[in-house]
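Colleague: The structure under discussion is supplied below as structure tokens; questions concerning it will follow.
The values are calculated or read from the model by the stated rules, or taken from the named source; none is laboratory data. Model, not experiment: these values are computed from the prediction. Using ideal geometry, Cβ is built from the backbone for each residue, glycine included, and neighbour counts are taken over all protein chains shown.
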Amino acid sequence: MKPRLFLLSLSNFAVQAWRDPLAFVAKVMVRLGYRPFGENIAFTALGGQKESDFNTKIVPSGTGQWNGRVLHVLTNSLPHSTGGYAVRTHEILKAQLKIGIVASAITRLAYPVDIGRLPNSDREEIDGVKYARALPGIFPASFSQQTNKHAALIIAEALQSNASILHTTTPWPNAAATSLAARKLGIPWIYEVRGEPESTWAAGQSNEQVALVSNHFRRSRAKETEAMCAAAGVIALSEVSSEEIRKRGVRTPIWVVPNSVDSDWAALKVPKYEARKTLGLTQCRYVGAVSSIVEYEGFDTLVLALHHLPPDVKVLLVGDGSELSALQALAKEEGLLDRVEFAGRQKAEDIHLWYSALDVFAVPRKDSRLTRTVTPIKTLQARSFGIPIVATDSPALREAAGAQATFIRSVNPKSLAKALLNALDNGVNEEPSPQVPTWAQAAKHYEAIYEGFSQ
């Protein structure tokens, strides 16, 4: 297995470097914690498209009969990726299996080899969820070849699992391969819109405003809309997102299946003192988050807010990401390193302890197209634990964080510190909140959607 994967890895990176050398170098540099080439250049993300790739056709969905079996076509998954996307996917699949839906999954072409991870097998099982890996011997050179190869592997997996529906997600290259596979299988496919990939890309560039008017952004946005229109149905994660999809002119049926928490999540909360003792943390006051550490989350503002907070208040950040090294450097430069706990990526089975250790959950997201529409799972988990939430005022966060959260319209270190201190001084709600949607409810909603294809 491993020699074949090494060959796949080498061919994948060779193709990426050949297709877009500047983007490849930029991506590597960002992963190392550097911002290359100045502030005014918007780069195509690694794995992004050349101009000719946007001519790839997305095949309109057909119809079919639901037989209780679905194949999910994914961008990434546990255990190799641990962000909100992977968590949502895993929880959906677990919940679907629990209610009797025969659900399985296949990830994007070459994943996780394309992120430098070599699985022991092309099949991995976690919590009873089966993930197939689309691992060719050699990574195809052209985008059309990649799409066709991915479609062929999806077809093979769908035939093996006897799936009657293909369920894929953003970004649109997933839709291109899935739609081709669905047409050849004679079954419908649906498209789950997890944010706006083009906006996520723009938010990650050195100059977002330049990126938003770029040709790449415009073409990417058009392909996402095309995918929504071609699917048999569209899943949105929030009412805000659903409204934005309608504004694009999409007339495909749209269902909202929000981010949720596990039915047993609230029961996992433990007293703060006990959690901190178990984790080896000091017994002070902690504000922070369990999150991907990326630029648009605004954690630089959270670190700088420490200048305006009492000495007994520390920042706790659990997770990793492209901005982790930059944040560590910022804390050091500001003389705040001893007041910031960078816990890094933690085991899934321990995450409840890290949530339990927090006095206030901070979501100081920067204002962008992305953050106005995406509802993060982390706020629901914090809300379920009864942890006070201080967040940027945006439609998506108001929907996810609930009415009891504190929202800041103009987020800067001083205003954030004021809101955090107020939340700290007003005390912590120790009672978990039951008023949070669950994955069990989501699974029932998906079942009703799938059954609709049989009518």
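Colleague: Give the residue that is farthest from residue 13 (Cα to Cα), with candidates limited to residues of the stretch 154-171 that are among the hydrophobic types (A, V, I, L, M, F, W, C) and surrounded by fewer than 22 Cβ atoms within 10 Å (Cβ to Cβ).
Modeller: 159
Colleague: Could I ask something else about it? Considering every residue within the stretch 288-299, establish whether at least one is touching a residue at least 60 places away in the same chain (Cβ under 8 Å) and more than 20 Å from the chain's Cα centre (by Cα).
Modeller: no
Colleague: For the stretch 326-342, indicate whether the set of residues that are in contact with a helix residue (DSSP H, G or I) (Cβ under 7 Å, 6 or more places away or on another chain), touching a residue at least 40 places away in the same chain (Cβ under 8 Å) and assigned to a strand (DSSP E or B) is non-empty.
Modeller: Checking the stretch 326-342: not a single residue is in contact with a helix residue (DSSP H, G or I) (Cβ under 7 Å, 6 or more places away or on another chain), touching a residue at least 40 places away in the same chain (Cβ under 8 Å) and assigned to a strand (DSSP E or B).
Colleague: Something else now. Give me the residue from the stretch 249-261 that is part of a loop (DSSP other than H, G, I, E, B) and crowded, with 16+ Cβ neighbours inside 10 Å and, out of that set, nearest to the chain's Cα centre (by Cα). Write out each step before concluding.
Modeller: Of the stretch 249-261, the ones part of a loop (DSSP other than H, G, I, E, B) are 249-253, 257-260.
Then keep just the ones that are crowded, with 16+ Cβ neighbours inside 10 Å; that gives 250, 252, 257-260.
Details: 250: 23, 252: 24, 257: 15, 258: 13, 259: 11, 260: 14 Å.
Checking each candidate, the answer is 259.
Colleague: Can you tell me which residue in the stretch 364-382 is nearest to residue 87 (Cα to Cα), limited to those that are out of contact with any Ser or Thr (no Cβ under 6 Å at 6 or more places or on another chain) and not hydroxyl-bearing (Ser, Thr, Tyr)?
Modeller: Step by step, filter the stretch 364-382, then rank; the result is 377.
Colleague: For the stretch 333-344, state whether one or more residues are farther than 26 Å from residue 115 by Cβ, within 21 Å of the chain's Cα centre (by Cα) and in the same structural domain as residue 420 (by TED's automatic domain parsing).
Modeller: no
Colleague: Just to check your reading of the model, which residue among 83, 38 is within 29 Å of residue 379 (Cα to Cα), surrounded by fewer than 18 Cβ atoms within 10 Å (Cβ to Cβ) and modelled with pLDDT under 90?
Modeller: Selected residue: 83, the only one of 83, 38 that is within 29 Å of residue 379 (Cα to Cα), surrounded by fewer than 18 Cβ atoms within 10 Å (Cβ to Cβ) and modelled with pLDDT under 90.
Colleague: So which of 117, 183, 123 ends up being surrounded by fewer than 19 Cβ atoms within 10 Å (Cβ to Cβ), at pLDDT below 90 and not acidic (Asp, Glu)?
Modeller: The unique qualifying residue is 117.
Colleague: What's the number of the only condition in (1) in contact (Cβ under 8 Å) with a residue 60 or more places away in the chain; (2) buried (at least 23 other Cβ atoms within 10 Å of the Cβ); (3) of a type in the set (Lys, Arg) that residue 383 fails to meet?
Modeller: (1)
Colleague: If you check every pair at least six apart or on different chains, which have Cβ atoms under 8 Å apart with a residue in the stretch 254-269 that is aromatic (Phe, Trp, Tyr) first and a residue that is modelled with pLDDT of 95 or more second?
Modeller: What qualifies is 255/233; 255/234; 255/235; 255/236; 255/445; 255/449; 265/352.
Colleague: I would also like to ask the following. Look through 214, 241, 199 and report the one residue that is touching a Gly at 6+ places or on another chain (Cβ under 8 Å) and either of a type outside the set (Asp, Glu) or at positive phi (or both).
Modeller: Within the list 214, 241, 199, the selection yields 241.
Colleague: Please name all residue pairs, on different chains or six or more residues apart, with Cβ atoms under 9 Å, provided the first residue is in the stretch 388-406 and is charged (D, E, K, R) and the second residue is not in a loop (DSSP other than H, G, I, E, B).
Modeller: Going by the 9 Å Cβ cut-off, the qualifying pairs are 393/407; 393/408; 398/240; 398/391; 398/407; 399/239; 399/240.
Colleague: A further question on this structure: If you take the residues in the stretch 352-377 that are aliphatic (A, V, I, L, M) and either surrounded by fewer than 24 Cβ atoms within 10 Å (Cβ to Cβ) or closer than 16 Å to residue 204 by Cβ (or both), which one is modelled with the lowest pLDDT? Give the derivation first.
Modeller: Initial filter on the stretch 352-377 (aliphatic (A, V, I, L, M)): 353, 357-358, 360, 362-363, 370, 374, 377.
Keeping just the survivors that are either surrounded by fewer than 24 Cβ atoms within 10 Å (Cβ to Cβ) or closer than 16 Å to residue 204 by Cβ (or both) gives 353, 370, 374, 377.
On the way: 353: 98, 370: 77, 374: 80, 377: 92.
So the residue we want is 370.
Colleague: Look at the stretch 262-285 and say how many of its residues are under 17 Å from residue 343 (Cβ atoms) and assigned to a loop (DSSP other than H, G, I, E, B).
Modeller: Summing the residues that are under 17 Å from residue 343 (Cβ atoms) and assigned to a loop (DSSP other than H, G, I, E, B) in the stretch 262-285 gives 6.
Colleague: Is at least one residue of the stretch 237-247 in a loop (DSSP other than H, G, I, E, B) and in contact with a strand residue (DSSP E or B) (Cβ under 8 Å, 6 or more places away or on another chain)?
Modeller: yes
Colleague: So is residue 128 without any contact (Cβ under 8 Å) to a residue 60 or more places away in the chain, under 23 Å from residue 261 (Cβ atoms) and not polar (S, T, N, Q) or not?
Modeller: Yes.
Colleague: Turning to a different aspect of this structure: Which is surrounded by 23 or more Cβ atoms within 10 Å (Cβ to Cβ) and β-branched (Val, Ile, Thr), of 89, 63, 75? Break it down stepwise before answering.
Modeller: Values: 63 fails: surrounded by 23 or more Cβ atoms within 10 Å (Cβ to Cβ); 75 fails: surrounded by 23 or more Cβ atoms within 10 Å (Cβ to Cβ).
That would be 89, the only listed residue that is surrounded by 23 or more Cβ atoms within 10 Å (Cβ to Cβ) and β-branched (Val, Ile, Thr).
Colleague: Exactly one condition in (1) among the aliphatic types (A, V, I, L, M); (2) modelled with pLDDT under 80; (3) not in a helix (DSSP H, G or I) is not met by residue 29; state its number.
Modeller: (3)
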